[in-house]
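Notes to accompany the following structure.
The values are calculated or read from the model by the stated rules, or taken from the named source; none is laboratory data. Just so it is clear, the model here is predicted, and its values are computed rather than measured. Note that each Cβ is placed from the backbone with ideal geometry, even for glycine, and that neighbours are counted across all protein chains shown.
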Amino acid sequence: MHAPSNTVLLPPLARRTDSRIVFLVLDGLGGVIGREPTALQRAACPNFDALAAESALGRTMMVADGITPGSGPGHFALFGHDPLEMDIGRGLLEAMGLGVEVGYDDVALRGNLCTLDGDGKLLDRRAGRLATELAAPVIQALADAIDEIEGVKVEVHAGLQYRFAAVFRGAGIDGHVCDTDPQVEGVAPLEARALTPAAEKMARIANTFAAQARAVLGERDVANAVLLRGISGRPPLMTYPEMAQLRPVCIAAYPAYRGVARLLGMEIREDVGPTSSLADEVASLEKAWDAGHDFFFLHVKPTDSAGEDGDEDRKAAVIEEMDALLPRILALKPDVLVVTGDHATPGPMIGHSWHPVPTLLWGPWCEPDAGTTFDEVACDAGRFGGRLPATALIRLALANAGKLAKFGA
């Protein structure tokens, strides 16, 4: 049965209570059944397995069958927003995650420093993954040199490593513009192209920005150009306080995930960052526990990084590290705990995939199933089956936490 949008269904039913919900999101958690043991199957996880025996298990579909989600759509689906009904680019998330305010008439993008050869072809899309302390002065040179294009104000903000966010503020701009990153090396960057007539001006501005960046950086051997990605505006979006009367907080180290949380009205914990350990993140959760929140989003990035590197053993080691920290989360006595991911990142595929994501829901009325391990096979056979819509998770969590009133008389 197709459920109405959560933005329609939840506001009249949601009620504020003292019960507390934790969403533990291991980025890129899922793998592929059958080819070789997945990272979850390789990992020794006595605590996750013990929790699985008391939980309802399943695998969540983030978007639709066969559709590989990016991190943004995956997270918005987990938090109850249908990604097919949204138009949010990675640039907006990056900028918001860096603490930059983006207005509803502005356009944001995420940029990569990159390296071109003498023929203008890509040698390295990420400029050797230039370290943050080396990339920051290069990005600052762009910020100093480019402040306005066609009457539109340009702001450039350094991110992590080779990444930056740019925000464009002015009249007549629209974010429906394609990326300039061809996603492969050995070819020239693409031209920014308008996807709608209203975006023609923004496409011109993006191309001018890239050309001016090349002029500023072109004498460098490394990081001598930029690639522009995730160009978008800021659409209206119902926040968690509006949708479900929640008082949410986010513990995440990386800007894009903090950007998702900020758009959803979550408070951002500032005591974690890219150099924080998983133990540091759990310590931040512990500090936030009695600060008036009732929804806690704890994001774990290294599982995804290992999957994208094709290193299933390292991914398993990250899962084991999180398993060892799980008793500290349980000691806080959450009323509901969800353990899941925003998409699958199978090591053998060296990237995101469309495969459903292992998911565990632990709560007072969750109806435990026969599963006694937390892995893809047990979840596929679990209470929720192998294709639970990710947008259902927030409803199930709220219901188990006693935060939803009866529907109808």
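Numbers at a glance
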| item | result |
| --- | --- |
| Exclusive hit being surrounded by fewer than 20 Cβ atoms within 10 Å (Cβ to Cβ), of a type in the set (Gly, Ala, Ser) and in contact with a Pro (Cβ under 9 Å, 6 or more places away or on another chain), set Gly120, Gly170, Gly151 | Gly120 |
| Residue check for Ala131: farther than 20 Å from Leu93 by Cα, surrounded by fewer than 17 Cβ atoms within 10 Å (Cβ to Cβ) and of a type in the set (Gly, Ala, Ser) | yes |
| Selection status of Gly371, touching a helix residue (DSSP H, G or I) at 6+ places or on another chain (Cβ under 8 Å), surrounded by 22 or more Cβ atoms within 10 Å (Cβ to Cβ) and either of a type in the set (Gly, Ala, Ser) or in a strand (DSSP E or B) (or both) | yes |
| Of the criteria (1) closer than 30 Å to Phe23 by Cβ; (2) outside the structural domain of Gly72 (by TED's automatic domain parsing), which one Ala244 fails | (2) |
| Residue identified as in contact (Cβ under 8 Å) with a residue 40 or more places away in the chain, outside the structural domain of Gly66 (by TED's automatic domain parsing) and either more than 28 Å from Pro11 (Cβ to Cβ) or not acidic (Asp, Glu) (or both) among Phe374, Phe407 | Phe407 |
| Test: residue in segment 43-56 that is in a loop (DSSP other than H, G, I, E, B), crowded, with 23+ Cβ neighbours inside 10 Å and of a type in the set (Ser, Thr, Tyr) | yes |
| Pairs where the first residue, in segment 37-55, is within 15 Å of Ala306 (Cα to Cα) and the second is small (Gly, Ala, Ser) and buried (at least 19 other Cβ atoms within 10 Å of the Cβ), C-beta under 6 Å, 6+ apart | Thr38/Gly31; Ala39/Gly31; Ala39/Ala316; Arg42/Ala316; Ala43/Ala316 |
| Residues of segment 65-78 satisfying the condition of being under 20 Å from Asp27 (Cβ atoms) and either over 20 Å from the mean Cα position of the chain (by Cα) or not in a helix (DSSP H, G or I) (or both) | Ile67, Thr68, Pro69, Gly70 |
| Near pairs, Cβ below 9 angstrom, 6+ apart or cross-chain, from segment 7-32 (over 25 Å from Leu325 (Cβ atoms) and touching a residue at least 60 places away in the same chain (Cβ under 8 Å)) to any residue that is crowded, with 17+ Cβ neighbours inside 10 Å and among the hydroxyl-bearing types (Ser, Thr, Tyr) | Val32/Thr38; Val32/Ser353 |
| Residue among Glu150, Glu185, Glu133 that alone is without any contact (Cβ under 8 Å) to a residue 24 or more places away in the chain, outside the structural domain of Pro255 (by TED's automatic domain parsing) and not aliphatic (A, V, I, L, M) | Glu133 |
| Filter result (in contact (Cβ under 8 Å) with a residue 40 or more places away in the chain, touching a Leu at 6+ places or on another chain (Cβ under 7 Å) and assigned to a loop (DSSP other than H, G, I, E, B)) within segment 189-221 | Pro189 |
| Hits in segment 295-306 - residues which are within 22 Å of Ala261 (Cβ to Cβ) and out of contact with any strand residue (DSSP E or B) (no Cβ under 7 Å at 6 or more places or on another chain) | Lys301, Pro302, Asp304, Ser305 |
| Helices (runs of 4 or more DSSP H) wholly inside segment 224-311 containing at least 2 residues that are under 16 Å from the mean Cα position of the chain (by Cα) and crowded, with 17+ Cβ neighbours inside 10 Å | 255-263, 302-308 |
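Conditions (1) in contact with a helix residue (DSSP H, G or I) (Cβ under 7 Å, 6 or more places away or on another chain); (2) modelled with pLDDT of 95 or more, marked per residue:
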site	(1), (2)
Leu10	yes, yes
Asp18	no, yes
Ile21	yes, yes
Val25	yes, yes
Gly28	yes, yes
Gly31	yes, yes
Glu36	yes, no
Ala39	yes, yes
Ala44	yes, yes
